[in-house]
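Notes follow once the structure below has been shown.
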Amino acid sequence: MSVAINDERTLLLIKPDGVLRGLCGRIIARLEDAGLAVVGLKMVQVGKEQAQRHYMDDPQWVANLGHKTLRTYAKHGRDPVAELGTDDPATIGGYIRGWLIDYITSGPTVACVLQGAHAVELVRKLSGDTMPIDAAPGTIRGDFSSVSAIAANTLHTAVKNVVHSSSDVDEARREIAEWFSPAEICVHRPVSWSAIY
Ligand code: GDP
Ligand code: MG
């Protein structure tokens, strides 16, 4: 029995800052260079409802966003109550979710489905850390973004970090189904795979 080891899929979004800055070609080239197959690709002007589905109103996810911000404030010795008016993770996460919806609807987004062995983990690695300051050089966020969470929060915007990528296999499955119909996924075998696999 043969087991497909290269059938894992993930979603990468080039957020509006990446599209408007003309980074799509260079970002997609990095994914292809790593041996991933681009099996779905389109440009979308995201509306509010689609944005609300992508950035789900899930209390756990929203609170995690708030906790992430609180860790950033602690790291920089800053007072969230003074700057954001609260230190409640759910409230702060709710602000960030609102800013994310404004961000993803602010211009065109390019959505890609990528396939290959360990595609989810590989695309997260190529994307780099959420925060540009912590993203390693050589990663998409490390090379193409620079805003800090503190600066973004002060400006009441999401951290503009160029790309979104699914964080685990379950999130990837949900997000691919949300962004692409089955007919929009083109199953194929890149020529490079005969050398890779
Ligand atoms: P990701 O999976 O690496 O994109 O990170 P998360 O799922 O935790 O966060 C989703 C997005 O929210 C990030 O990509 C950023 O655009 C934004 N974001 C995360 N943390 C913060 C924050 O502390 N402040 C602001 N303004 N935006 C944030
Ligand atoms: Mg995430």
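On inspection, A117 passes the criterion of being more than 16 Å from K68 (Cβ to Cβ), in contact (Cβ under 8 Å) with a residue 40 or more places away in the chain, surrounded by fewer than 21 Cβ atoms within 10 Å (Cβ to Cβ) and more than 14 Å from ligand 2 (Cβ to nearest atom).
Of the residues making up the range 152-183, those that are out of contact with any strand residue (DSSP E or B) (no Cβ under 9 Å at 6 or more places or on another chain), within 19 Å of S106 (Cα to Cα) and either in a helix (DSSP H, G or I) or away from ligand 2 (no atom under 16 Å from the Cβ) (or both) are A152, N153, T154, L155, H156, T157.
Within the range 88-109, residues that are within 13 Å of ligand 1 (Cβ to nearest atom) have Cβ atoms under 6 Å from residues that are assigned to a strand (DSSP E or B) and not small (G, A, S) in these pairs: T109/L13; T109/V44, counting only partners at least 6 apart in sequence or on another chain. With respect to the conditions (1) at pLDDT below 95; (2) more than 16 Å from ligand 2 (Cβ to nearest atom), M131 falls short on a single one, namely (2).
Evaluated against (1) surrounded by fewer than 22 Cβ atoms within 10 Å (Cβ to Cβ); (2) among the polar types (S, T, N, Q); (3) under 23 Å from D7 (Cβ atoms), S146 falls short on exactly one condition, (3).
For the range 152-174, filtered to residues that are in contact (Cβ under 8 Å) with a residue 60 or more places away in the chain and more than 21 Å from V46 (Cα to Cα), the residue that is nearest to ligand 1 (Cβ to nearest atom) is N153.
Of all the listed residues (R189, R124), the sole one being within 9 Å of ligand 1 (Cβ to nearest atom) and basic (K, R) is R124.
For the range 65-107, the set of residues classified as among the β-branched types (V, I, T) and either more than 20 Å from the chain's Cα centre (by Cα) or under 16 Å from A151 (Cα atoms) (or both) consists of T69, T72, V81, T86, T91, I92, I96, listed by residue number.
State whether the residues of the range 59-69 include one that is outside any helix (DSSP H, G or I) and either under 21 Å from A119 (Cα atoms) or without any contact (Cβ under 8 Å) to a residue 24 or more places away in the chain (or both). There is no residue in the range 59-69 that is outside any helix (DSSP H, G or I) and either under 21 Å from A119 (Cα atoms) or without any contact (Cβ under 8 Å) to a residue 24 or more places away in the chain (or both). Of all residues in the range 35-44, at least one satisfies being surrounded by fewer than 17 Cβ atoms within 10 Å (Cβ to Cβ) and charged (D, E, K, R).
The values are calculated or read from the model by the stated rules, or taken from the named source; none is laboratory data. Since we're looking at a predicted model, the values are computed, not measured. Every residue, glycine as well, gets a Cβ built from its backbone with ideal geometry; the counts of neighbours run over all protein chains shown.
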